[in-house]
Amino acid sequence: MELNPYARFLEGREPIPVITATVERLHELIDPLSPAQANREPEPGKWSVRERLAHLADCELVFAMRLRQTLAEDHHIIQPFDQAEWGKRYAGYDLATAFAMFTAARNWNLKFLTTVTEDDRHHPVTHPERGTMTLWTIVETIAGHDLNHLEQLERIARNL
């Protein structure tokens with residue numbers, strides 16, 4: 001498994017501007033949608049816009065812990081999670097709440113990232129499936145993950 005499977009989405013861009021812009025881009029994409037559009041599966045078995053936003057909110061919470069534990073513990077070992085299992089609960093989340101959760105957690109993480117030093121960027125952490133990485137690999141993963149899901153959401157929105 002790749003160290004950062006989302007690195008290709010960055011295409012040389014710096015991660016902080018990417019993750020800073022995500023909330024506004026999501027806002028632009030979801031605001032025009034009706035509840036029916038937000039809940040429509042783009043194809044059978046694929047997450048709707050609402051479910052993808054719930055996934056982004058869940059991931060932002062996970063990234064929050066990973067970032068903080070990386071700097072709080074010597075060579076922390078990340079706890080992986082099964083997104084499909086977590087996704088089984090997404091029927092209980094509405095679009096507005098998912099967006100609010102993502103926005104709050106993202107803003108909190110951005111504040112945290114303003115405290116990161118150059119030395120912090122190189123602090124090691126281990127992902128059991130991906131290997132040893134650094135705090136900055138996590139930041140780049142967040143940005144690439146955002147870009148991946150924004151592309152998906154843009155494609156879905158065009159076809160609604």
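Just so you know, all these numbers are worked out from the coordinates, no wet-lab data involved. For clarity, every value in this text was computed on a predicted model and none was experimentally measured. Positions of Cβ are backbone-derived with ideal geometry, glycine not excepted, and every protein chain shown enters the neighbour counts.
Secondary-structure-derived ellipticity at 222 nm for the chain, considering helices only, amounts to -20000 deg cm²/dmol, per-run term -39500 (n - 2.57) for DSSP H runs with n ≥ 4. Applied to region 124-132, the Karplus parametrisation 6.51 cos²θ - 1.76 cosθ + 1.60 on θ = phi - 60° returns per-residue 3J(HN,Hα) values of x, 8, 10, 9, x, 9, 10, x, 7 Hz, with x for Gly and Pro. Here the relative contact order of the chain, from alpha carbon pairs under 8 Å that lie six or more residues apart, stands at 42 percent. Loop-located trypsin sites (Lys or Arg not before Pro) in region 76-157 (DSSP state other than H, G, I, E, B) with a sparse environment of at most 11 neighbouring Cβ atoms within 10 Å: LYS88, ARG89. Percent of C-alpha pairs per 5 Å bin in the chain, short distances first: 1, 9, 18, 21, 21, 15, 9, 4, 2, 0. Applying a DSSP loop filter and a limit of 15 other Cβ atoms within 10 Å to the chymotrypsin sites (Phe, Trp or Tyr not before Pro) in region 71-121 leaves PHE81. Extension gain for ARG40-ARG25 works out to 3.4 nm (0.36 nm per residue, less the C-alpha to C-alpha distance).
To the nearest 0.05, what FRET efficiency results for THR115 and GLU85 with a Förster distance of 30 Å applied to their C-beta separation? Efficiency computed from Cβ-Cβ geometry: 0.40.
Per-residue Cβ neighbour counts within 10 Å put ILE16, ILE78, ILE156 in the sequence ILE16, ILE78, ILE156, beginning with the fewest. Applying the criteria of a DSSP loop state and at most 13 other Cβ atoms within 10 Å to the GluC sites (Glu not before Pro) of region 53-145 yields GLU73, GLU129. The calculated FRET efficiency for the pair GLU151 and ASP74, based on their C-beta separation and a Förster distance of 35 Å, comes to about 0.45.
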